[in-house]
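Quick notes on the structure that follows.
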Amino acid sequence: MDLKQMQYFTACAQTGSFSEAAKVLYSTQPSVSKVVKALEDSLGMQLFERLPRGIRLTPQGREVYRYACKIVNDMKKLENMAEHRMAKWLRISANPSSWFATQFVDFYNENYEKNYHFQIYTAGVRTVMERVRDYQDDIGFVYILESQRKDFSYELSRAGLEFIDMEEAELLVYPGEKSVFFGEEKEVFRLEDLKGMRFVQNGQDEFFDMGAAGEQAGFSWKDLDISVVTNSDYIMERMLKNTSVMNISGSYLSEKKKGTVPGIPLDMKGNKMIFGYICHRGEKLDPDIREFIRFLESRLREKSC
């Protein structure tokens, strides 16, 4: 086995096609097929099912894929270190969050002399989970609903991952400046208040595809009219400042942001939101990642005081 085989194998697994992998690798389909076949022969197992349209990992292939991703991404780390004179890279993915962005900037400033290099990627829950699973990132920070917990844990277990809680908060509704609810002194939002309203949310998979779409008191999360999906805090803030759309989230928005009002609790069973991080089960986190986690923990303690 060699690194080229690992690179070709992971590209095939991620694209689901020899021909698509060839495009990514700047190679040809016969060459990619040949390299993968050589890897299968050396391992003595079939890694892909050949389908009429594309390919699919076999159970053995899924297991090999986990190791191959780590090998390929560790090699990328070494290449980055060599290019930047052994500079330390910390790779982090997270749900879009103004609060998290502020903490990251503060951490960077406080640790400027350590010459850390960061890769920060924002995405929805499922994408963050997949990036950590595939060793594209060292850790992933996400918000999940309390009602998602069981299904979320099952998804993580299948991927060899675990979720560590850091904070629990209420699920909040943020009305846009042109909303009929803007400026109202409402103590809570009820489910019936949401009917007929339009929403801007941070990601298509946010709350809606891992067990959170269940019926609650005759209301379905899928009934929400989500008119804008974005992973940009800037777009989110502009939409809330200049339109009538609303947002449902936990700590995504800072209450001090212009054009928004403090979030109003949503009166619904299981309306707790949990913030935490995804990591590989049974694997030790890098000491520098642990330092970042401790920094966030200290900020969360300050926030709750």
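The values are calculated or read from the model by the stated rules, or taken from the named source; none is laboratory data. Computed from a predicted model, the values in this text were never measured in an experiment. Don't worry about glycine lacking a Cβ; one is built from the backbone with ideal geometry, like all the others, and counts go over all protein chains shown. Surface areas here come from the heavy atoms of the whole protein model, side chains and all, with no ligands, DNA or RNA. Shrake-Rupley method; radii C 1.70, N 1.55, O 1.52, S 1.80 Å.
Please list, or write none, the aspartates and glutamates whose alpha carbon is within less than 12 Å of the alpha carbon of Lys272, excluding same-chain residues fewer than 8 places away.
Straight-line reach from Lys272, under 12 Å: Glu146, Glu167, Glu168, Glu170.
With the chain treated as a Gaussian network of Cα nodes joined by springs under 10 Å, which of Lys70, Lys88, Lys114 yields the largest mean-square fluctuation?
Most flexible of the set in this elastic network: Lys114.
What are the ³J(HN,Hα) couplings of the range 57-65, residue after residue, when phi is run through the Karplus curve with 6.51, -1.76, 1.60 and θ = phi - 60°? Round to Hz, x for glycine and proline.
With the stated coefficients, the range 57-65 comes to 4, 7, x, 5, x, 5, 5, 5, 4 Hz.
For Kirkwood radius over Cα pairs in Å, several values are listed as (1) 20.9; (2) 19.3; (3) 21.5; flag the one computed from this structure.
Structure-derived value, by its label: (3).
Suppose we keep just the DSSP beta bridges with both residues in the chain; what percent of those would be antiparallel, to 5?
Counting DSSP beta bridges with both partners in the chain, the antiparallel share is about 60 percent.
Please give every one of the lysines within straight-line cross-link reach of Lys88, meaning a C-alpha to C-alpha distance under 20 Å, and leave out same-chain neighbours fewer than 8 residues apart.
Straight-line reach from Lys88, under 20 Å: Lys70, Lys76, Lys77, Lys114, Lys284.
To the nearest 10 degrees, how steep is helix 3-15 against the longest Cα principal axis of the chain, on a 0 to 90 scale?
Taking the Cα atoms of the chain, the angle to 3-15 is about 40 degrees.
Could you tell me the distance between the Cα centroids of the range 1-49 and the range 120-165, to the nearest Å?
Computed from Cα coordinates, the inter-centre distance equals 27 Å.
For the pair Thr58 and Asp223, how long in nm is the line joining their label points, each one 7 Å along Cα→Cβ?
Distance between the two pseudo-spin positions: 4.8 nm.
Relative contact order for the chain using alpha-carbon pairs under 8 Å, separation at least 6, rounded to a whole percent?
This gives 21 percent for the chain.
Could you list which residues have their amide H under 5 Å from that of Phe199, counting only those 5 or more apart in sequence or on another chain, with H placed in the peptide plane?
Asp225, Ile226, Ser227, Val228, Met246
So if we plug the beta-carbon distance of Thr28 and Ile120 into 1/(1 + (r/R0)^6) with R0 = 35 Å, what FRET efficiency do we get, rounded to 0.05?
0.50
Ordering Arg301, Arg149, Arg158, Arg190 by how much accessible area each has at a 1.4 Å probe, largest first, what is the list?
Arg158, Arg301, Arg190, Arg149
Could you give the length gained on full extension between Tyr154 and Phe182, defined as 0.36 nm per residue of separation minus the Cα-Cα distance, in nm?
Roughly 6.2 nm would be gained on extension.
What is the packing order of peptides 125-137, 99-111, taking the mean over residues of other C-beta atoms within 10 Å and listing the highest first?
Per-residue Cβ counts within 10 Å, averaged per peptide and sorted highest first, yield 125-137, 99-111.
Starting from the amide H of Glu167, placed 1.01 Å from N in the peptide plane, find each other amide H under 5 Å away whose residue is 5 or more places distant or on another chain.
Residues meeting the criterion, in which the H sits 1.01 Å from N, are Phe275.
Please work out how much accessible surface Ser97 shows to a 1.4 Å probe, ignoring ligands, DNA and RNA, in Å² rounded to 10.
Roll a 1.4 Å probe over it and Ser97 shows about 10 Å².
Pairing the Cα long axis of helix 233-242 with the longest principal axis of the chain, what angle in degrees results, from 0 to 90 and rounded to the nearest 10?
Taking Cα atoms only, the helix is inclined about 30 degrees.
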